[in-house]
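The values are calculated or read from the model by the stated rules, or taken from the named source; none is laboratory data. These figures come from a predicted structure and were not determined experimentally. Positions of Cβ are generated from backbone atoms using ideal geometry, with glycine treated the same way; all protein chains shown enter the neighbour counts. Please note that ligands, DNA and RNA were not included when accessible areas were found on the heavy atoms of the full protein model with its side chains. Shrake-Rupley method; radii C 1.70, N 1.55, O 1.52, S 1.80 Å.
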Amino acid sequence: ENGSVYEVPDNAFGFVFLCQLPPFGYGKNISTGKIEKVDCIEFSEIPEENYWQRPLLPKDYKARRDKEKSVQAIDPYYIDPYLQDIRKREWKRRLCGVWIKIYNPIKKDVEWIYILGLNYFYITYWKFQGKSMDFRMEDTKVFYVAAYCNEDPDCLGINEITKRKIGKTAKVGCWGYERVSRLNYHHAALQSKSDDDAKDAFKKAIIHPWQKLPDFFRPRYDTMKSEDPDELRFFPTARRGSKVEEDDNILEEALESFFDYFPASEGAADGPEIHTYIADEAGKTKRPVSILERQNIVRYCTEIDGIICGFHWYTTTVEPEKGEEENKDFQELTKGSNPLIRNENNRTTTGLYTYFLPAQKGMYRNLEY
């Protein structure tokens, strides 16, 4: 109510995602579903200087946090109010999003843009291969599309097709982590075009960015898995003797959620219930693996008795690798992910909705914005 509709074309079949945005100054809390007042960030009084500037934690944050932890070792209920205000602010921005004032060089004017909490989390805290992420309007649009698909009860997920070097793996890694690190009893999983690629994507798109997050965005985890694990487990650490007493002083309850990855084979993920699923480089799976057959298997790890209990995100570039044939199965999967063609249950053949981003729209200097 009193909001607006932002239209994002799928650039493939002629379907338009009608993304409902909240009124100016408000955002939707993804945890409660309620509309709340949110921060409106203006970077400068000079129009041309309104470009994304990453909010940084205060320089004394770490020192004060170390002091807070030392006091909490004696009094677990102690909280530094200065730090708590920062944590509350950043968590609200992650849940509800923010409005930012951005200069549009084409229109020669500033615009207020609503970015989702996931978008804020991505461009503020997520570091991929050591680099912080930029604000790009095309990223904001794909996050809109993902939110649209997530709220559609007949949609299993998004089938994103785009160009190289646009940050697609970083985005899906951030999206997967944001979900599994916030929800209880949640299973997130990743597959890629090969076994080695899955391990590599898991490390660089999830584990390494997680290592660089501030502690208030790193829920309690199993430290026995080390700081560079092959599986991210938000469980209490299994301890013995005096270590058990130390754990008794931890007030934060474990989410009991986890994030892992599977080999590329078709039936590797068959069996466990999966609430968040990433198919990285889905269009580049190599024979004998069929992405069409793999998708037909893994979808039923999330679609239980006809009810969709989670969300899938497929992402890939469009061109085959050198020496590789065109992936006909992925073309069929994309064809079956046309939101304009649905079955009697109002779903596409795959359950997915395709979103294609042409190369010119993904360029660093986008002439359309």
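Some values worked out for this structure:
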{"quantity": "Under 16 Å from Lys193, Cα to Cα: lysines that are on another chain or at least 8 residues apart", "calculated": "Lys168, Lys203, Lys204, Lys284, Lys286, Lys322, Lys328"}
{"quantity": "Cleavage-rule hits (chymotrypsin sites (Phe, Trp or Tyr not before Pro)) in region 111-166: DSSP loop, at most 16 neighbouring Cβ within 10 angstrom", "calculated": "none"}
{"quantity": "Anisotropy class of region 21-60 from Cα gyration tensor, a/c 1.5 cut", "calculated": "oblate"}
{"quantity": "Antiparallel DSSP beta bridges within region 1-139, as percent of all bridges there, nearest 5", "calculated": "90"}
{"quantity": "Three-way shape call for region 190-240 based on the alpha-carbon gyration tensor, with the a/c threshold at 1.5", "calculated": "oblate"}
{"quantity": "Of all accessible heavy-atom area on region 106-233, the percent that carbon and sulfur account for (1.4 Å)", "calculated": "46"}
{"quantity": "Surface per residue (accessible, 1.4 Å probe) for the chain, Å²", "calculated": "50"}
{"quantity": "Karplus-derived HN-Hα couplings along region 131-137 (A = 6.51, B = -1.76, C = 1.60, θ = phi - 60°), whole Hz, x at Gly and Pro", "calculated": "10, 6, 8, 7, 7, 9, 4"}
{"quantity": "Estimated Rh, region 252-369: Kirkwood, alpha-carbon pairs, angstrom", "calculated": "16.1"}
{"quantity": "The chain - percent relative contact order, Cα under 8 Å, separation 6 or more", "calculated": "18"}
{"quantity": "Sorted peptide list for 189-198, 351-360, criterion being average Cβ within 10 angstrom, highest first", "calculated": "189-198, 351-360"}
{"quantity": "³J(HN,Hα), Karplus 6.51/-1.76/1.60, whole Hz, each residue of region 56-70, x for Gly, Pro", "calculated": "10, 5, x, 4, 8, 4, 4, 4, 5, 5, 4, 5, 4, 5, 5"}
{"quantity": "Pairwise centroid distance, computed over Cα atoms, of region 24-73 with region 176-211, Å", "calculated": "25"}
{"quantity": "Antiparallel DSSP beta bridges within the chain, as percent of all bridges there, nearest 5", "calculated": "45"}
{"quantity": "Prolate/oblate/rounded label for the chain (Cα gyration tensor, a/c 1.5)", "calculated": "oblate"}
{"quantity": "Phi to ³J(HN,Hα) by Karplus 6.51 cos²θ - 1.76 cosθ + 1.60 over region 257-268, Hz, x for Gly, Pro", "calculated": "10, 8, 10, 9, 9, 10, x, 6, 4, 4, x, 4"}
{"quantity": "Accessible area of region 284-369 belonging to carbon and sulfur atoms, whole % at 1.4 Å probe", "calculated": "53"}
{"quantity": "Whichever lysines have a C-alpha closer than 20 Å to that of Lys107, once near sequence neighbours (fewer than 8 apart) are set aside", "calculated": "Lys141, Lys361"}
